[in-house]
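Asks: Okay, here's the structure, questions in a sec.
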Amino acid sequence: MSININKVNKFYGKQQALADVSFSLKKGEVVGFIGPNGAGKSTLMKIITSYLQQDSGKVQICNLDTLEEDLKVKSKIGYLAENNPLYNDMYIKEYLLFVGDIYKVDNLKMKVAEIIQQTGLTPEESKKISQLSKGYKQRVGLAATLIHNPEILILDEPTTGLDPNQLVEIRNLIKQVGQDKTVLLSTHIMQEVDKMCNRVIIINNGKIVDDQLVSNFTKNNIDLEDHFRKLTS
């Protein structure tokens, strides 16, 4: 399994953010991770990426323990945070070279050129990040997550704030790169789960309340949004 989560708990003071969360993801899965605000999505994603430690339970990434081998874990993961932190004063190529150098990517200049083409950044590659639209900034964020060819992508709200055209482009890009990786993405947009994901995991109040194939909803004529509301209301 690419990601194996077993009985993970996390507290912020007396508030329990995650309660015995368990699931596994394998290569080639694009999994939608959905839940209301404050349900625990971002907390779990930060634990998976070793940016935050759980209070109990175990998380393994490609058979590596996140608590014991956090640097190796980070090398396996491409993480796009919800606020997509970027260095706005850098040019696109400059920023990707900077990120790639941190990961010690071989043949870095060639890799940056490939990623710029793959993520559709070629028309804007001579611009500073501050000059880009929201959609192109998301592309830069995705390019940075892909620069070291990670086995796993963790994407927190990757389509938030995009216009319809940008949304379709980013959706197609995620589907494309997810073909040979494991992708876990959080979203508030149910249509994105239908369009991008083959599996959905629903979390509410820190607990997993559903985990099934997206195709089951179509097969059983169940509206995902209605199903989500029933489980989280």
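Each reported figure results from applying straightforward, stated rules to the coordinates on display, with no laboratory input. If you're wondering where the values come from, they're calculated on a predicted model, not measured in any experiment. We place every Cβ from the backbone using ideal geometry, glycine too, and count neighbours over all the protein chains shown.
Asks: Counting only residues 5 or more places away or on other chains, whose amide H sits under 5 Å from the amide H of Phe11 once H atoms are built in the peptide plane?
Replies: Here Ala17, Asp55 satisfy the definition.
Asks: Here's another thing I want to ask about it. To the nearest 20 Debye, how big is the dipole of segment 52-203 about its Cα centre, given +1 on the beta carbon of each Lys and Arg and -1 on that of each Asp and Glu?
Replies: Working: 18 positive and 21 negative charges, 69 e Å.
Dipole about the Cα centre, nearest 20: 320 debye.
Asks: Compute the relative contact order of segment 3-232 as a whole-number percentage, counting only Cα pairs closer than 8 Å that sit 6 or more residues apart in sequence. Write out the running numbers ahead of the final one.
Replies: Values: 413 pairs, mean separation 64.1, N = 230.
Once normalised by length, the contact order is 28 percent.
Asks: Using Cα springs under 10 Å in a Gaussian network model of the chain, which residue among Gln138, Gln16, Gln53 shows the largest mean-square fluctuation?
Replies: Gln16
Asks: Quick one: net charge of Glu114's neighbours, Cβ under 13 Å, K/R +1, D/E -1?
Replies: Values: positive: Lys93, Lys109, Lys111; negative: Asp106, Glu125.
Taking every Cβ under 13 Å from that of Glu114, the sum is +1.
Asks: Cut-off is 10 Å between beta-carbons; in what order do Asp65, Asp106 appear when sorted fewest neighbours first?
Replies: Values: Asp65 14, Asp106 9.
Fewest-to-most Cβ neighbours within 10 Å comes out as Asp106, Asp65.
Asks: Here's a follow-up. Could you work out which residue, out of Tyr136, Tyr91, Tyr12, moves most in a Gaussian network model of the chain, that is, has the largest mean-square fluctuation with Cα springs under 10 Å?
Replies: Highest fluctuation among the options: Tyr12.
Asks: If you don't mind, there's one more thing I want to ask. In the chain, what % of DSSP beta bridges are antiparallel (nearest 5)?
Replies: Numbers: 21 of 38 bridges.
In the chain, approximately 55 percent of DSSP beta bridges are antiparallel ones.
Asks: How large is ³J(HN,Hα), in whole Hz, for each residue of segment 188-198 in order, when computed from phi with the Karplus curve 6.51 cos²θ - 1.76 cosθ + 1.60 and θ = phi - 60°, using x for Gly and Pro?
Replies: Using θ = phi - 60°, the values come out as 9, 9, 4, 4, 5, 5, 4, 7, 10, 9, 9 Hz.
Asks: Next question. Taking H as built 1.01 Å from N, whose amide H comes closer than 5 Å to the amide H of Gly78, not counting residues under 5 places away?
Replies: Ile152, Leu153, Ile154
Asks: Next question, about the same structure. Where does each of Cys197, Cys62 land when they are ranked from fewest to most other beta-carbon atoms within 10 angstrom? It would help to have the intermediate numbers written out before the result.
Replies: Details: Cys197 24, Cys62 19.
In order of increasing Cβ crowding within 10 Å: Cys62, Cys197.
Asks: Turning to a different aspect of this structure: Please give the length that would be gained between Asn88 and Asn4 if that part of the chain were fully extended, namely 0.36 nm times their separation in residues minus their C-alpha to C-alpha distance (nm, one decimal).
Replies: On the way: separation 84, 0.36 × 84 = 30.24 nm, distance 3.52 nm.
Gain in length upon complete extension: 26.7 nm.
Asks: While we're here: Within segment 132-227, what percent of beta bridges assigned by DSSP are antiparallel, to the nearest 5? Working shown, then result.
Replies: Working: 6 of 11 bridges.
Bridges in segment 132-227 are about 55 percent antiparallel.
Asks: Right, here's the next one. Please give the FRET efficiency for Lys128 paired with Tyr12, using the beta carbon to beta carbon distance and R0 = 41 Å, rounded to the nearest 0.05. Don't skip to the answer; put the middle values down first.
Replies: On the way: r = 37 Å, r/R0 = 0.91.
Efficiency at R0 = 41 Å is approximately 0.65.
Asks: If Lys and Arg each add +1 and Asp and Glu each add -1, what is the summed charge of the other residues whose beta carbon sits under 14 Å from the beta carbon of Glu29? Mind showing how you got there, number by number?
Replies: Details: positive: Lys26, Lys27, Lys175, Lys181, Arg199; negative: Glu151, Asp180, Asp211.
Taking every Cβ under 14 Å from that of Glu29, the sum is +2.
Asks: Computed from the coordinates I sent, P(r) over Cα pairs in 5 Å bins from 0, in percent equals one of (i) 1, 7, 14, 18, 19, 16, 12, 8, 4, 1, 0; (ii) 1, 6, 11, 14, 15, 15, 11, 8, 6, 5, 3, 2, 1, 1, 0, 0, 0; (iii) 1, 6, 10, 12, 12, 13, 13, 12, 9, 6, 4, 2, 1, 0, 0. Tell me the label.
Replies: Here P(r) over Cα pairs in 5 Å bins from 0, in percent agrees with entry (i).
Asks: Sticking with this one: Give me the net charge of Asn6's neighbourhood, meaning all other residues with Cβ under 10 Å from the Cβ of Asn6; Lys, Arg count +1, Asp, Glu -1. Each step should come with its number before you reach the end.
Replies: Numbers: positive: Lys7, Lys58; negative: Asp20.
Taking every other residue near Asn6 into account, the sum is +1.
Asks: Among Asn84, Asn172, Asn107, determine the one that fluctuates most according to a GNM of the chain built with springs between C-alpha atoms less than 10 Å apart.
Replies: Answer for the Gaussian network model of the chain: Asn107.
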